[in-house]
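The values are calculated or read from the model by the stated rules, or taken from the named source; none is laboratory data. Because the structure is a prediction, the values reported are computed rather than measured. Every residue, glycine among them, receives a Cβ derived from its backbone with ideal geometry; neighbour counts consider all protein chains shown.
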Amino acid sequence: MSAVALPASVPVPAQARSAPYRVMPGFNLSLGFTIFYLTLIVLIPLSAVFLKTFTMSWEGFWSAVSSERVVASYRLTFGAALIGAFLNVIFGGVVAWVLVRYNFPGKRLIDALVDLPFALPTAVAGITLTALYSSNGWFGRFIEGVLGIKVAFTPIGVVIALTFIGLPFVVRTVQPVLEDAERELEEAAASLGASALQTFIRVVFPTILPSLMTGFALAFARATGEYGSVIFIAGNMPMVSEITPLFIITKLEQYDYAGATAIAVVMLVVSFFLLLAINLLQAWARGKGGKK
């Protein structure tokens, strides 16, 4: 039985020609499910935090979030998170570059070790880092004895812990971009006389810049709320190494739920604006790269 062909004069609707094939259900059903899921998982819990905070008077709220110790914890938490994320951008980018561009014995083992902070319980990571960087630990004994720098129970220890837990975010964000990068552009730049440094700055770096900023944002967001891996190595010394999540836990243990949510609201608002600024820079970098 031969196939029946449509006459050439029969027009095919343009909408039918351009309509893409979709595996998922229609837009209305998918959008409804998305809004419902985000409301249930994200918006309702965050709204509860704000609603509980609104039960406080302005004087009570300001007293809870602006005491000297709490402000010192803000400086340590956000400052250490920013430093840790910045360090991860540098060293995580190098790790991703090595894993993508070079073949060497043990490469798969190192690639698997990058994900260890994801799988390792945070309390185990905190205890391990404390044992290594304490005054009698393997690393801490050398650093304190030779360099005269104490790591454990200081802000330096907090930065190390936050760098440890944030490394996989940068590596796993940059790695696929490097794998998909066009090597021909680098070869063309080299054939035109560009040095290795010039090729990296003008060809490679603009390509991976948006992914580096994404990794930075993810590592920073993860670090601001970290508790388990930091609480042991921080030492929780007042005005020195107290982190903000510790104050939230302390308020909850004292059944001061409004005070805990007040501090959480401050962290949430500051984190939101910092992440918004990072995302705007990322969008600017992508737009600049697209124009080129």
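A few comments on the model shown:
- Number of positions in the range 228-254 that are more than 16 Å from Phe118 (Cβ to Cβ), part of a helix (DSSP H, G or I) and not charged (D, E, K, R): 13
- Residue, surrounded by the most Cβ atoms within 10 Å (Cβ to Cβ), within the range 77-114, restricted to residues that are closer than 17 Å to Ser229 by Cβ and of a type in the set (Val, Ile, Thr): Thr77
- One residue from Gly145, Gly140, Gly126, Gly93 being within 18 Å of the chain's Cα centre (by Cα) and part of a helix (DSSP H, G or I): Gly93
- Every condition in (1) touching a residue at least 12 places away in the same chain (Cβ under 8 Å); (2) within 24 Å of Val95 (Cα to Cα); (3) out of contact with any Gly (no Cβ under 7 Å at 6 or more places or on another chain) holds for Gln198 except the one numbered (1).
Table: residues versus (1) among the basic types (Lys, Arg); (2) out of contact with any Leu (no Cβ under 9 Å at 6 or more places or on another chain).
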site: Leu129; (1), (2): no, yes
site: Leu132; (1), (2): no, yes
site: Ser135; (1), (2): no, yes
site: Phe139; (1), (2): no, no
site: Phe142; (1), (2): no, yes
site: Gly145; (1), (2): no, yes
site: Lys150; (1), (2): yes, yes
site: Pro155; (1), (2): no, no
site: Ile160; (1), (2): no, no
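- Qualifying residue in the range 33-49 (condition: modelled with pLDDT of 85 or more and in contact with a Ser or Thr (Cβ under 7 Å, 6 or more places away or on another chain)): yes
- Among the helices (runs of 4 or more DSSP H) confined to the range 183-227, the ones with at least 2 residues that are closer than 16 Å to Ser271 by Cα and at pLDDT 85 or above are located at 205-224.
- Near pairs, Cβ below 6 angstrom, 6+ apart or cross-chain, from the range 115-139 (loosely packed, with under 13 Cβ neighbours inside 10 Å) to any residue that is assigned to a helix (DSSP H, G or I): Phe118/Pro168; Trp138/Leu132
- Restricting the first member to the range 212-233 and to residues that are under 9 Å from Gly166 (Cα atoms) and touching a residue at least 12 places away in the same chain (Cβ under 8 Å), and the second to residues that are polar (S, T, N, Q) and crowded, with 21+ Cβ neighbours inside 10 Å, the beta-carbon pairs closer than 8 Å and six or more apart or on different chains are Gly215/Asn88; Gly215/Thr173; Phe216/Asn88; Leu218/Thr173; Ala219/Asn88.
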